[in-house]
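Chemist: Mind looking over this structure? Questions follow.
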Amino acid sequence: MDAGLTVQPQGDGLVLRRMRLEDVEAAEQVSALAFDEHRQDGSPGRDAERRELWNVRTARAVQEDGPGCWVMERDGEVLGVATSIRRDTLWALSTWAVLPQWRGRGTGRPLLEASLSYASGTLRRMVSSSADPNAVRHYIRVGFDLHPQMTLHGQVDAVDLPRVDRVRDGHRSDLEWMTSLVRQARGAAHSASDHELLGAAGDLRVVDRAGRRGFAHLTHDGSIALLAASDRRTANDLFVDALVQRHGQPFTQSHVTGANQWALRTATAAGLQVSTQGYLGVAGLRPPQAYVHHGTLL
Ligand SMILES: CC(C)(COP(=O)(O)OP(=O)(O)OC[C@H]1O[C@@H](n2cnc3c(N)ncnc32)[C@H](O)[C@@H]1OP(=O)(O)O)[C@@H](O)C(=O)NCCC(=O)NCCS
């Protein structure tokens, strides 16, 4: 497919075209509907704050990663969406969703292929996949290795957790080494505006000591949105720090993989339960160990 053509008729009245800013709200609704169905942990769907974050993040992707963002429409109605971003040598698929009544008839595949054309020339690929068997089959087909993701959830009992000190709030001046840490962990850094977006959504906690560095962007409910560290011990210190802040309160940590055994040990020591939820898909890299990926910025 030539993704340089920004409008591509598909037959059946369907039109595949580049996503525009004015599509963002409709795309959010398609994605919210699609993912509510596949939520396995019983958690409620996106609240107003999450919806707003999704919209801001997707609008930014349309502006900065336009060739990676596509919609399928019919008579002006958005039926499906795929958004993806490129950072250095890495391509990440952020969203791929089709309205339930339009699935299983060739709506999703061209969206994925169009987004994938934006991956051309990159060395690494990442996606945080739902458990949807259709999505899983397509991801395997296009060359992703799939690694189960786990969710850690329950009420935090921080009494038996080790004491960690020297974790402090992060600042703009930490950005340079944070960028290097991510590059070290997954072969490609995030952009400064990724960190800005994450910093606006929740606290930033960092460890910055001789030979040991790490950071954790937290969500508004205190779980880890993105973590990178020089080593597993530092990653774990940042996780303990996040848990301690939530002592006695409900907590849900997503996007933990088998490479993050440190998180499983700490979570169970804090009384949390482990369940599986979807997959981390990677190509050209292994699931990083001292790293917890972000769902859409990976
Ligand atoms: C994953 C998802 C986007 C796929 O969309 P979809 O529209 O069902 O995908 P397609 O119809 O293109 O492909 C599904 C299958 O339908 C079948 N199919 C039926 N009729 C078809 C037709 N006329 N043309 C092509 N394929 C058809 C094919 O078997 C096809 O698989 P194939 O391309 O390997 O042959 C959609 O199922 C979804 O929204 N899931 C929920 C959200 C989600 O989990 N997304 C994954 C993000 S991590």
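Chemist: Considering the range 113-149 alone, what residues qualify as being more than 11 Å from the ligand (Cβ to nearest atom) and in a loop (DSSP other than H, G, I, E, B)?
Modeler: Across the range 113-149, the qualifying residues are Y118, A119, S120, G121, T122, L123, G143.
Chemist: In the range 9-38, what residues are near the ligand (Cβ under 10 Å from one of its atoms), touching a Pro at 6+ places or on another chain (Cβ under 8 Å) and not in a helix (DSSP H, G or I)?
Modeler: The one that is near the ligand (Cβ under 10 Å from one of its atoms), touching a Pro at 6+ places or on another chain (Cβ under 8 Å) and not in a helix (DSSP H, G or I): Q10.
Chemist: Another question, if that's okay. Taking E73 as meeting all but one of (1) within 12 Å of the ligand (Cβ to nearest atom); (2) farther than 28 Å from V292 by Cβ; (3) crowded, with 17+ Cβ neighbours inside 10 Å, write down the number of the exception.
Modeler: (1)
Chemist: Check the range 45-65 and report whether any residue there is in a helix (DSSP H, G or I), exposed (fewer than 14 other Cβ atoms within 10 Å of the Cβ), modelled with pLDDT under 90 and not basic (K, R).
Modeler: yes
Conditions tested, residue by residue: (1) under 21 Å from L243 (Cβ atoms); (2) in contact with a Phe, Trp or Tyr (Cβ under 8 Å, 6 or more places away or on another chain).
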position	(1), (2)
Y139	no, yes
V142	no, no
L146	no, yes
Q149	yes, yes
L161	yes, no
G170	yes, yes
A185	no, yes
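Chemist: Here's something else I'd like to know. Name, by its number, the condition in (1) crowded, with 18+ Cβ neighbours inside 10 Å; (2) away from the ligand (no atom under 16 Å from the Cβ); (3) touching a residue at least 60 places away in the same chain (Cβ under 8 Å) that does not hold for L181.
Modeler: The one condition L181 does not meet is (3).
Chemist: Does the range 76-86 contain any residue that is under 16 Å from the mean Cα position of the chain (by Cα), part of a strand (DSSP E or B), of a type in the set (V, I, T) and away from the ligand (no atom under 14 Å from the Cβ)?
Modeler: Checked against the condition, which is being under 16 Å from the mean Cα position of the chain (by Cα), part of a strand (DSSP E or B), of a type in the set (V, I, T) and away from the ligand (no atom under 14 Å from the Cβ), the range 76-86 yields at least one hit.
Chemist: Spot the failing condition for G211; the list is (1) over 30 Å from V62 (Cα atoms); (2) at pLDDT 95 or above, and only one is missed.
Modeler: So the condition that G211 fails would be (2).
Chemist: Next question. Quick test of your reading of the structure: A235 fulfils all but one of (1) closer than 21 Å to E49 by Cα; (2) crowded, with 21+ Cβ neighbours inside 10 Å. Name the failing condition by number.
Modeler: (1)
Chemist: For the range 184-214, how many residues are loosely packed, with under 14 Cβ neighbours inside 10 Å and of a type in the set (S, T, Y)?
Modeler: 1
Chemist: Hey, does the range 94-112 have a residue that's of a type in the set (F, W, Y), touching a Ser or Thr at 6+ places or on another chain (Cβ under 8 Å), within 9 Å of the ligand (Cβ to nearest atom) and modelled with pLDDT of 95 or more?
Modeler: Yes; the residues of the range 94-112 include at least one that is of a type in the set (F, W, Y), touching a Ser or Thr at 6+ places or on another chain (Cβ under 8 Å), within 9 Å of the ligand (Cβ to nearest atom) and modelled with pLDDT of 95 or more.
Chemist: Would you confirm whether or not the range 91-104 contains a residue that is within 19 Å of the chain's Cα centre (by Cα), of a type in the set (D, E, K, R) and assigned to a loop (DSSP other than H, G, I, E, B)? Write out each step before concluding.
Modeler: Going residue by residue through the range 91-104, those that are within 19 Å of the chain's Cα centre (by Cα) are 91-98.
Checking the rest, the ones that are also of a type in the set (D, E, K, R) come to none.
No - not one qualifying residue is present in the range 91-104.
Chemist: Next question, about the same structure. Which ones in the range 248-298 are among the charged types (D, E, K, R) and not in a helix (DSSP H, G or I)?
Modeler: Once the filter is applied, which keeps residues that are among the charged types (D, E, K, R) and not in a helix (DSSP H, G or I), the range 248-298 yields only R286.
Chemist: Between a residue in the range 74-95 that is charged (D, E, K, R) and any residue that is assigned to a strand (DSSP E or B) and within 14 Å of the ligand (Cβ to nearest atom), which pairs come within a Cβ distance under 9 Å, given they are 6 or more apart or on different chains?
Modeler: R74/L14; R86/A92
Chemist: If A263 satisfies all but one of (1) more than 18 Å from Q149 (Cα to Cα); (2) within 18 Å of the chain's Cα centre (by Cα), what's the number of the condition it fails?
Modeler: (1)
The values are calculated or read from the model by the stated rules, or taken from the named source; none is laboratory data. All figures in this text were calculated on a predicted structure; none of them were measured in a lab. Neighbour counts are summed over all protein chains in view; Cβ atoms, including those assigned to glycine, are modelled from backbone coordinates with ideal geometry.
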